[in-house]
Amino acid sequence: MKRLLGRTGLEVSIIGFGGTWISELSFEEAKRVVRRAYELGINYFDTAKLDGDSEEKLGAALKDVRDNCVIATKTASRTGGEAYDDIKCSLRRLGIDRLDIIQLHGIDDDKTLLKALRPGGSLEACKKARSEGFVDFIGVTGHKPHVLAKAIKTQEFDMVLVPINYLTRQALEELVPLAKELGVGIAAMKPFSAKTSNLITCLYRPSLSLLSDEPDLRHLLGDDIASRVRVALRFVLAQDVSTVVAGFKSTQEVELAAEVGNSYNGITEEEKASFNAKLGNYCRDCGLCMPCPENINIPAVLRFHMFHEVFNLKNWARRLYKGLETPASACTKCGECEKKCPYNLPVKLMLEKAILDLET
Ligand code: SF4
Ligand code: SF4
């Protein structure tokens, strides 16, 4: 099944191929995985100059079918000169003469956004490449929906790539409706990852993958891996997004996801009810309350507490919490975080509740 990627007019498969992990595979194995995706109807391929040799592998696998594919890559450079060189380098690595989409990579705070947008910044280079015919469309990626909302309001971007998954719903609040209104295409990334930002800096033990074999996750998403993949993808497909970009490492993973996409025909009433979660006045993980003078990772504590409270992932949340460097009980109630929170959250009180549920 395909959907329109906003005003680009591109028809993209609802399951997209994320190219990050193929950099860990041998060249031949990576080509097999990419090609299997193409054979199963996936036509949206997302990669990045930063992702090792992912671009070379994607390009080689799709060489003879390039015109049937939408290829999106990214530049993480912020100056015009460097970004322009990145685009040329990506074209070389992919072995193509035109990118469907170039995305500004990792626009995660206002400062980075301004740097990219200013005269001589990376956006200018993307526009130059577009006027020269090397690029068709320009997109933006990041982990902070409030920053991406500012980016797309400039009307400079044709699409946006942002994390959306069963446990990560911030983008659904403001960014997705805004993008829809502006005609900006929406690609959802990280459908299987509970780590959505570099603020979640615990030790990653246990794993932050929604597909990991945690009893709590099995209870929420299904007993076997195929069920968990299915539920996780169907949750995102039920949102107003054009494509769900999942990172693949094997042909089996591709086959599982492609089957979900190819059989997708809307969600059932039962799914609608189970996908609905009452988040209340929750932490949006914007990070604007940081740093805390006591070194408490406020967004991580509140996120893990939400897993506990809203999604009933009690043991998993407690174990994730244990991996944090500083416990929330180190809070001196100075109130600095509350002054900075744009959502006026009662952070001190929320931390007290988190301590009760996660520490005791
Ligand atoms: S109130 Fe607590 S969590 Fe907030 S900034 Fe002060 S010490 Fe940190
Ligand atoms: S507590 Fe407020 S400022 Fe801090 S991350 Fe959450 S929403 Fe943002």
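The values are calculated or read from the model by the stated rules, or taken from the named source; none is laboratory data. What you are looking at is a predicted structure, and each value in this text was computed from that prediction instead of being measured. Note that each Cβ is placed from the backbone with ideal geometry, even for glycine, and that neighbours are counted across all protein chains shown.
Before moving on, here are some points about what is shown:
- Any hit, the range 253-260, residues being out of contact with any strand residue (DSSP E or B) (no Cβ under 7 Å at 6 or more places or on another chain), assigned by TED's automatic domain parsing to the domain that holds residue 136, over 25 Å from residue 58 (Cα atoms) and at pLDDT 95 or above: no
- Here residue 277 meets each of (1) among the small types (Gly, Ala, Ser); (2) more than 16 Å from ligand 2 (Cβ to nearest atom); (3) part of a helix (DSSP H, G or I) with one exception, condition (3).
- Residue satisfying all of: in the range 282-306; touching a Pro at 6+ places or on another chain (Cβ under 9 Å) and more than 8 Å from ligand 2 (Cβ to nearest atom); nearest to residue 148 (Cα to Cα) among these: 301
- Scanning the range 324-360 for residues that are in contact (Cβ under 8 Å) with a residue 40 or more places away in the chain, more than 11 Å from ligand 2 (Cβ to nearest atom) and outside any helix (DSSP H, G or I) gives 324, 325, 334.
- The listed residue being more than 26 Å from residue 327 (Cβ to Cβ), of a type in the set (Ser, Thr, Tyr) and out of contact with any Lys or Arg (no Cβ under 9 Å at 6 or more places or on another chain), out of 193, 227, 131: 131
- Residues considered: 259, 269, 309, 255. Of these, the only one that is within 16 Å of ligand 2 (Cβ to nearest atom) and among the acidic types (Asp, Glu) is 309.
- Residue in the range 243-251 that is in a helix (DSSP H, G or I), of a type outside the set (Phe, Trp, Tyr) and either modelled with pLDDT of 95 or more or out of contact with any Asp or Glu (no Cβ under 7 Å at 6 or more places or on another chain) (or both) present: yes
- From the list 336, 352, the one residue that fits, being closer than 18 Å to residue 282 by Cβ and within 11 Å of ligand 1 (Cβ to nearest atom), is 352.
- Strands (runs of 3 or more DSSP E) contained in the range 104-196 and holding at least 3 residues touching a helix residue (DSSP H, G or I) at 6+ places or on another chain (Cβ under 7 Å) and crowded, with 23+ Cβ neighbours inside 10 Å: 159-163, 185-189
- Taking first residues from the range 5-23 that are free of Cβ contacts under 8 Å to residues at least 60 places away in the same chain and partners that are surrounded by fewer than 24 Cβ atoms within 10 Å (Cβ to Cβ) and among the charged types (D, E, K, R), the Cβ contacts under 6 Å between residues at least 6 apart in sequence or on separate chains come to 11/2; 23/51; 23/53.
- Any chance residue 7 is assigned to a strand (DSSP E or B) and over 19 Å from residue 58 (Cα atoms): no
- Count - residues of the range 10-32 that are modelled with pLDDT of 95 or more, within 15 Å of residue 245 (Cα to Cα) and either assigned to a loop (DSSP other than H, G, I, E, B) or of a type in the set (A, V, I, L, M, F, W, C) (or both): 6
- Test for residue 41: is it on the phi > 0 side of the Ramachandran plot, touching a helix residue (DSSP H, G or I) at 6+ places or on another chain (Cβ under 7 Å) and modelled with pLDDT of 95 or more: yes
- Any chance residue 44 is in contact (Cβ under 8 Å) with a residue 60 or more places away in the chain and among the hydroxyl-bearing types (Ser, Thr, Tyr): yes
- When the residues of the range 339-349 are filtered to those that are under 26 Å from the mean Cα position of the chain (by Cα) and near ligand 1 (Cβ under 10 Å from one of its atoms), the one that is farthest from residue 287 (Cα to Cα) is 347.
- Selection within the range 44-64: residues that are assigned to a loop (DSSP other than H, G, I, E, B) and either under 28 Å from residue 263 (Cβ atoms) or of a type in the set (D, E, K, R) (or both). The member of this set that is modelled with the lowest pLDDT is 51.
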